[in-house]
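Colleague: Following this message is one structure expressed as structure tokens.
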């Protein structure tokens, strides 16, 4: 499915990219990644911080492409993650990993399930990797949005 198709079915809205907004999202993602590595907080909070880094990175990529999710529509986190092949060319295998992390976050938030240490480590490493990939992609494809 293309980004335009997601727009047509109401999952996305048009969005005018703004360098300052993209910079704020990337900086927030960096802060969340730092928090995810803080060993003096719970595994669940560290996982949440790493997941936020993933979402903020993916959202920056989506906005740089001229779209944003409709947050009133259920599943907007899933839409943002699953748009990554269209926004930065992320392979579907990586999207599957990120989507699994999204599901783990939902189970933790809405049913109180524990986050295991392996899932935390995966989430932190995937967050760092995606943040770097989005930064490289922005520099190459949208240098006007880098501040």
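Colleague: If we sort 134-142, 14-22, 80-88 on the protection proxy, mean other Cβ atoms within 10 Å, highest first, what's the order?
Modeller: Packing order, densest peptide first, comes out as 80-88, 134-142, 14-22.
Colleague: May I pose another question? Quick one: helix 19-36 against the long Cα principal axis of the chain, what's the angle to the nearest 10°, folded into 0 to 90?
Modeller: It works out to around 10 degrees.
Colleague: Now a separate question. On a 0 to 90° scale, report how tilted helix 117-141 is relative to the longest principal axis of the chain, with both axes built from alpha carbons and the result rounded to the nearest 10.
Modeller: Around 20 degrees separate the two axes.
Colleague: First measure r as the distance between the Cβ atoms of residue 5 and residue 146, then evaluate 1/(1 + (r/R0)^6) with R0 = 25 Å and state the FRET efficiency to the nearest 0.05.
Modeller: It comes to 0.30.
Colleague: Please sort 2-8, 122-128, 92-98 by packing, taking for each peptide the average over its residues of neighbouring beta carbons within 10 angstrom, highest first.
Modeller: Result, highest mean first: 122-128, 92-98, 2-8.
Colleague: To continue, here is another question. Is any residue of the stretch 1-43 close enough, with backbone N under 18 Å, to a label point placed 7 angstrom from the Cα of residue 114 along the Cα-Cβ axis, and if so, which?
Modeller: 40-43
Colleague: Separate question: Express in whole angstrom the spacing between the alpha-carbon centres of the stretch 1-58 and the stretch 102-147.
Modeller: 7
Colleague: Right, here's the next one. Hey, could you grab the Kirkwood Rh for the stretch 3-145? Inverse mean 1/r over distinct alpha carbon pairs, Å, one decimal.
Modeller: It is 15.2 Å.
Colleague: Could you work out [θ]222 nm for the chain from helices alone, using -39500 (n - 2.57) per DSSP H run of at least four and dividing by all its residues? Round to the nearest 500 deg cm²/dmol.
Modeller: Helices in the chain give a 222 nm mean residue ellipticity of -22500 deg cm²/dmol.
Colleague: Relative to the longest principal axis of the chain, what angle (0 to 90°, nearest 10) does the C-alpha long axis of helix 92-111 take?
Modeller: So the inclination is approximately 50 degrees.
None of the figures in this text is laboratory data; all of them are computed from the coordinates on show. This is a predicted model, so every value here is computed, not measured. Here Cβ is always computed from backbone atoms with ideal geometry, including for glycine, and neighbour counts include all displayed protein chains.
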